[in-house]
Amino acid sequence: MARARLAMDDIQEMLRLHYGCNLSQRKVARSCGVSLGAVNKVLRRAAQAGLGWPLPEGMTGKEVQDLVYGPAPGAAPAVRIRRRALEFEAMHRDLQRRRHFTVRLAWEEYSAQHEDAYSYSQFCKLYREWQARHDVTMAQHHKAGEKLFVDYAGSTVTVHAAEGPFEAQIFVATLGASSYFYAEATRGQDLASWIGSHVRTLDHLGCVPEMLVPDNLRSGVTRPHLYEPKLNRSCKEMARHYGLAVVPARVRKPRDKAKVEVTVKIVSQKILERLRNERFTSLAELNEAIRRECKRISGMPFQRLPQSRRELFEQLDRPAMRALPAQRYEFAVWKRARVNVDYHVAVDGHFYSAPVALVRQQVDVRLTEHTLEVLHKGERVAVHARSFVKGGYSTCPDHRPKSHREQAEWTPERMQDWAAKTGPFTARVVASLLAGQPHPQEHYRGCLGIVRLAGRVGAERMEAAARRALHYGRVSYRSIERILREKADRLPLEGMGAPTGREPLGHGNVRGGSYYRTSGSRGGGEVTNASGADPAAAVQHAPARHGGGLLQAAGGPLGRRAAVRGPLRPAGGVAVDLEGEPGLDAAPAVGQAQAAGMPGGHQLPPSAGPAGHPLQGHGARVGLGAAPAERAARRTDRGRENVPGVCAAAPGLPGRPPGAVRESAAAVPRPAHGARRGHADEDAGQAGARGGPGRG
């Protein structure tokens, strides 16, 4: 191996002492601290090159060295060729970008391409020399109060919480000028933890720097870029609140935030390692221990400076930083949502209303711990209290259309208030519809219909109709509408009997209850008409238990399940219409009538019963001659009751339809389901042919 060359200054000193001071070579060697042989060699080569003392003007030390030693003979060109073949720059770039690329692999590829390649050890030595010359660093000078560097430490701390152990992340922030730092533990590196750590850092400092230099963490930087990095919207909002400029470090350039990288090393070595044997059951307990250690380290002086980090912070950074805003920043999450057709947006399983004009449009949603804001094109259009009820609705009435607002106002109290504006009887009708109902919503439409009827016909008519409906106990929208349609509200209530549960029909053939007067015994008694006709000729119509009727004439009873079609007329012309009354047996009645000389059994002889004898109808089987006597004497075990109010027309009175007698008595029940109906029109025609009263 070739000996090292002497320095340029040593060569010039040897020439000065030997030629300028006339010292011997031994004294020159003793003065310069080199061997006698080295002095002899330098002086000999200088004499060959024509050098003496003083040196020629303008000659540099490098030129003197080259004249004394000259270029290395023979080997220099080959060395330069081999070194030129080494492409350390490309190899260094691959080592930084490719995770599994190694120096050994680079040397193997280099050896395969060159026959006179360096050995592996010499290759590594040359690479380290190249790296020392090119991998230089810049001394960064930080302005006081300008930058706050933030990062997460790679080390974690296990927290044995009650819900289960987890690894706590360590957040570190450092000021540039004073190196004063803050550290805390968080549950994770999510957006809420990241923003919250920044807020607590600024609260700890008590002031705000000009610039924030974070790492390219996804929580803060949505899309890293060398020239235009895209920040998270929550991060931008936090920076806007505090007046910060966020300048992320370049990707894979940790020296852009070297201050915090050094602090991360200090926190890991001097804080976390001190706490390695302690057991923490909560984040609060761990953060208390970290704050204690941070305070201790910040109060220690630097190794090369007399001040500590806290003293430099008070002298440099704090006077240059701005004060905190009056209101502390509240963490918010931004989301994009679409307004559904029901003018609500779905956020975390809950539905919040938005103005109906924004249906099917994209909006921005800002979520805080207590509030939710809906923004459209940067303008706030809705604010709601935050709710965590899954499937629930938070609706503002102003966001609904007019028709939906009116429907939402349907409440029992509202319905009664509307009805009370019309009158007390209308209010009582609505109250009776809603009272005692497990689901009053079922009657909302009926109440609204009544209120609208009042607006159409007027309050006076509505009050009369409501009074009549309450009087008869038929409280419903249909009943009141029918009363108003048939103008029954104009009829007086005075003189009318107690309500029967069935509304009177407004028809010309109905004479009313005052047309008849009734008296008699329990079995139905004697029924006469208003003209005072002989009741002996009357025939009583008594319905059976199941809608049937029993008719008893003089001399013999009528059988059950008879359906005598047409009116039965006695000889005197008194007619009784049994059309459609079940429970009478038609065959025996017709047989006896034919035996008496009456065609079809439609006339009864005058001697059918003694004068004044009422026709009893308590379930007797009537056989008019055609049935055996024992069958005619049998009586049913079912009790029958006569229904008062049905009578036959007396002779001499003007004729009227057979159905008029039946409809005039409100108490007569309709025939039971399945009863046979008679042909009243045919019988009426036959009665007219015999001279009897017909339909008038």
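The values are calculated or read from the model by the stated rules, or taken from the named source; none is laboratory data. The model shown is predicted, which means the values in this text are computed figures rather than measured ones. When we count neighbours, we look across all protein chains shown, and the Cβ atoms used for this are built from the backbone with ideal geometry, even at glycine. Note: areas computed on protein heavy atoms with side chains; ligands, DNA, RNA excluded. Shrake-Rupley method; radii C 1.70, N 1.55, O 1.52, S 1.80 Å.
Please go through segment 192-273 and write out the chymotrypsin sites (Phe, Trp or Tyr not before Pro) that DSSP classes as loop and that have at most 11 other C-beta atoms within 10 Å. Mind showing how you got there, number by number?
Details: sites: 194, 227, 242; in loops: 227.
Counting only loop positions with at most 11 other Cβ atoms within 10 Å, the chymotrypsin sites (Phe, Trp or Tyr not before Pro) in segment 192-273 are 227.
For residue 155, nonlocal amide neighbours, meaning residues 5 or more places apart or on other chains whose placed amide H falls under 5 Å from its own, do not occur.
How much length is gained on full extension from residue 341 to residue 493, taking 0.36 nm per residue of separation minus their Cα-Cα distance? Don't jump to the answer; show the numbers that get you there.
Numbers: separation 152, 0.36 × 152 = 54.72 nm, distance 5.33 nm.
Gain in length upon complete extension: 49.4 nm.
The P(r) of segment 263-309 has a tail past 15 Å containing 49 percent of all C-alpha pairs.
Over the Cα atoms of segment 221-346, the radius of gyration divided by the Kirkwood radius equals 1.07; this is the Rg/Rh ratio.
Couplings 3J(HN,Hα) of segment 107-112, computed from phi: 5, 5, 5, 5, 5, 5 Hz, in residue order, whole Hz [Karplus 6.51 cos²θ - 1.76 cosθ + 1.60, θ = phi - 60°; x for Gly and Pro]. The distance from the alpha carbon centre of segment 100-174 to that of segment 232-281 is 17 Å, rounded to a whole number.
Considering only Cα atoms, the convex hull volume of segment 336-411 works out to 92 Å³ per residue. The Cβ shell under 15 Å around residue 347 holds other residues with a net charge of +1, Lys and Arg each +1, Asp and Glu each -1. In order along segment 42-52, the phi-based Karplus estimate (6.51 cos²θ - 1.76 cosθ + 1.60, θ = phi - 60°) of 3J(HN,Hα) comes to 5, 5, 5, 5, 5, 5, 5, 7, x, 8, x Hz; Gly and Pro are listed as x. Taken about its Cα centre, segment 270-317 carries a charge dipole of about 180 debye when Lys and Arg each add +1 at the Cβ and Asp and Glu each add -1 at the Cβ.
Evaluated at 37 °C with a viscosity of 0.692 mPa s, what Stokes-Einstein diffusion coefficient in µm²/s does segment 418-493 have when Rh comes from the Kirkwood expression over alpha-carbon pairs?
Working: Rh = 12.1 Å.
Rounded, D is 272 µm²/s.
Using the Cβ of residue 157 as centre and a radius below 10 Å, the other residues enclosed give a net charge of -1, where K and R count +1 and D and E count -1.
State which entries of 143/295; 270/295; 257/335; 147/253; 27/62; 143/236 exceed 19 angstrom in Cα-Cα distance in the structure shown. Violating the 19 Å limit, Cα to Cα: 143/295; 257/335; 27/62; 143/236. Across the protein chains, with a 1.4 Å probe defining accessible surface, the residues 422, 158 rank 158, 422 from largest area downward.
Taking N as the number of residues in segment 283-347, what is its alpha-carbon radius of gyration divided by 2.2 N^0.38 Å? Can you show the working numbers first?
On the way: Rg = 22.5 Å, N = 65, 2.2 N^0.38 = 10.7 Å.
Dividing the Cα radius of gyration by 2.2 N^0.38 Å gives 2.09.
Taking label positions 7 Å along the Cα-Cβ direction at both residue 227 and residue 93, the computed distance is 1.9 nm, reported to one decimal. Mean separation of Cα pairs under 8 Å and 6 or more residues apart, divided by the residue count, gives segment 367-432 a relative contact order of 16 percent. The phi-based Karplus calculation (6.51 cos²θ - 1.76 cosθ + 1.60; θ = phi - 60°) puts the 3J(HN,Hα) values of segment 166-171 at 8, 8, 7, 8, 10, 9 Hz, whole numbers, x for Gly and Pro.
Would you give the gap between the C-alpha center of segment 446-473 and the C-alpha center of segment 418-440, rounded to a whole Å? Taking the Cα centre of each part, segment 446-473 and segment 418-440 sit 11 Å apart. Relative to the Cα centre, the charge distribution of segment 149-269, modelled as +1 at Lys and Arg Cβ and -1 at Asp and Glu Cβ, gives a dipole magnitude of about 460 debye.
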